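Okay, so here's the structure we're looking at.
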Amino acid sequence: MIAGLAALENVFPPIPADTVIALGVFLSRFGPISAGEIFLITWVANTASAAAVYLAARTLGRRFVEGRVGQRLLRPRALARIERIYERYGVWGIFLSRFVPGVRAVVPPFAGLANLSAARALIPAALASGIWYGAITVAVILVVDRLSDVANILINVNRVALIGVVLIVVLVAVFLVLQHRRGDSRSP
């Protein structure tokens, strides 16, 4: 399931691969699969689907975009602009844009449409995805390992919030009683 969702992110960007890996790593702390295995599953699946989308766009995308329907979806002027962006920012642009949710899904197909070589497109994409999913993995491990500390903090925050709410209710009640008494003393 994790592999499938991580792969689908490159086809359908709203799929939350970040959330999927975080949940998978969290659950791995209590089950038979390790956090490292969850990371590898996510990274490999996401990278493989990015490569597949890149290859599809590189081999079939240009003909599609130049057709009637394709020109409605991506005008020639927009395609030329995308090509200039890839020429200008190249590998670093691909690398950095893979850290931006939503944007990361459009990087491989546009790199394919722009006819970037597989090495220039897929190596930075794979490295960025590895760093991204690795960081999520480590962050979740650190949070899970400190879960009791987080729970204690939340308990204390809830206590303070409860005391604050009770104090506000008491102050409002006192204010209303005083207002009511003041109104009674003024009437004849």
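The values are calculated or read from the model by the stated rules, or taken from the named source; none is laboratory data. Because the structure is a prediction, the values reported are computed rather than measured. A quick note on method: Cβ atoms are made from the backbone with ideal geometry, for glycine too, and the neighbour counts reach across all protein chains shown. These accessible areas exclude ligands, DNA and RNA; they are computed on the full protein's heavy atoms, side chains included. Shrake-Rupley method; radii C 1.70, N 1.55, O 1.52, S 1.80 Å.
A compact table of results
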| quantity | calculated |
| --- | --- |
| Choice from Ile15, Ile163, Ile41 showing the highest fluctuation, given a GNM over the chain with Cα pairs closer than 10 Å | Ile163 |
| Förster-model FRET efficiency, 22 Å R0, Glu66 and Glu87, C-beta, rounded to 0.05 | 0.65 |
| Surrounding net charge for Leu122, when Lys and Arg each add one and Asp and Glu each subtract one, Cβ distance under 15 Å | +4 |
| DSSP-loop chymotrypsin sites (Phe, Trp or Tyr not before Pro) across the stretch 1-103, with at most 11 other Cβ within 10 angstrom | Phe30 |
| Globularity ratio of the chain, using Cα Rg and 2.2 N^0.38 Å | 1.67 |
| The chain: most fluctuating residue of Asn158, Asn46, Asn115 per GNM, C-alpha cutoff 10 Å | Asn158 |
| Size of electric dipole in the chain: Cβ of Lys, Arg +1 and of Asp, Glu -1, about Cα centre, debye, nearest 20 | 860 debye |
| Val157 versus Ala173: modelled label distance in nm, points set 7 Å from Cα along the beta carbon direction | 2.8 nm |
| Solvent-accessible area, 1.4 Å probe, carbon plus sulfur percent, for the chain | 72 percent |
| Relative contact order of the stretch 1-121, defined on C-alpha pairs under 8 angstrom at six or more residues apart (%) | 30 percent |
| Spacing of the two label points (7 Å from each Cα toward its C-beta) at Val165 and Leu40, in nm | 4.7 nm |
| Residue (of Ile21, His180, Gly36) at the positive-pole extreme of the chain, dipole from beta-carbon charges | His180 |
| Selection of trypsin sites (Lys or Arg not before Pro), the stretch 27-78, meeting DSSP coil and at most 10 other Cβ within 10 Å | none |
| Evaluated over the stretch 14-54, the Cα radius of gyration and Dmax, each in Å | 11.2, 36 |
| Sequence of Glu87, Glu37, Glu9, Glu66 when ordered by accessible area, the most exposed leading, probe 1.4 angstrom | Glu87, Glu66, Glu37, Glu9 |
